[in-house]
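Below you'll find the structure, written out as structure tokens, and then a few comments.
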């Protein structure tokens, strides 16, 4: 199963016994899954849902809360909507149900956002609003750079109402349009975990957070490995370039090279991968790394000065192509 299906499967089992929370969840689900339609000049309430289990639970809630008997229809996918889905329709008594749920106002006008009584309710009611919206039109992607919990909204007003409910729950959600379709998006990892937990998907929240932490650990390890690889590569390139310059310096100076500088140069060539500190330990008598570095620096400077005077290539000319930096 996908993460989205896992979350919805858990949310379907959440049953808040408080009447206001049950009404908030059902109303939100109806608003985000279809809402109002006109059939034979009559107002009908219809929800298009992606599972038989959710459709049956929605139908049962309509019976228990409002005493209406909805029609359940299995619809084969076509056009823009792939896969089959399930429609829960209330035609007989649809207008009364729309008024009772707040989907129609007192002037028989469709409510563009969410009924005010839902967005100003208790935390349990706000959580139920989010639960209904996610069951109707929510998706959850895997942790990572593009991780997101998204809910597709029927209107920008509905999106703003959902964002307001999220903020009252302490969840950072944003409303945005993607290809002309309003959405509410939660992106920050901790906010996604909090949103799942608030809706009641406690198990999914814990599992998602574990996945996120594992991804972060792996990413950290990969960054360290890549960093170490890069450092090793740079060190190896620097050693090759240094040895090439020292060889050229000894060649340019020949017998003119001072003995202490010759020893430093030969030490460098004898231990090509050693650090300056290690080279100092190999010297007889031992030298500090600053003393070794200073002698090699003077060796190269002396050779470059002589090369310039003689009109021949200096020590830099010996460095292989691509290692000049």
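Only the coordinates and a few stated rules stand behind these numbers; no lab work does. Every value quoted in this text rests on a predicted model; they were computed, and no experiment measured them. With ideal geometry, Cβ positions are generated from the backbone for all residues, glycine too; neighbour counts draw on all protein chains shown.
Below are the figures for this structure:
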quantity	calculated
For 151, 91, order by how many other beta-carbon atoms lie within 10 Å, fewest first	91, 151
Bins of 20 Å, starting at 0 and running to the largest distance - Cα pair percent for the chain	26, 30, 12, 19, 12, 1
Cβ-Cβ FRET estimate between residue 6 and residue 38, R0 fixed at 41 Å, reported to 0.05	0.65
The chain: angle of helix 202-253 to the longest principal axis, Cα-based, in degrees nearest 10	20
Tilt relative to the chain, helix 289-310 - C-alpha long axis, 0 to 90 degrees, to 10	70
Viscosity 1.002 mPa s, 20 °C: Kirkwood-radius Stokes-Einstein D of segment 18-65 over Cα pairs, µm²/s	188
Segment 167-208: relative contact order as a whole-number percent, Cα under 8 Å and 6+ apart	28
0 to 90° range, to nearest 10: angle between helix 19-32 axis and the chain longest Cα axis	70
Prolate/oblate/rounded label for segment 1-80 (Cα gyration tensor, a/c 1.5)	oblate
Most to least packed among 123-130, 190-197 [average Cβ atoms within 10 Å]	123-130, 190-197
Highest-first arrangement of 59-69, 290-300, where packing means the average Cβ count within 10 Å	290-300, 59-69
Relative contact order (%) - criterion: Cα under 8 Å, at least six apart; region: the chain	13
Contour minus Cα-Cα distance for residue 297 and residue 213 (0.36 nm per residue)	25.4 nm
Mean Cβ count within 10 Å, highest first, over the residues of peptides 257-263, 240-246	240-246, 257-263
Convex hull volume per residue in cubic angstrom - Cα atoms of segment 96-176	98
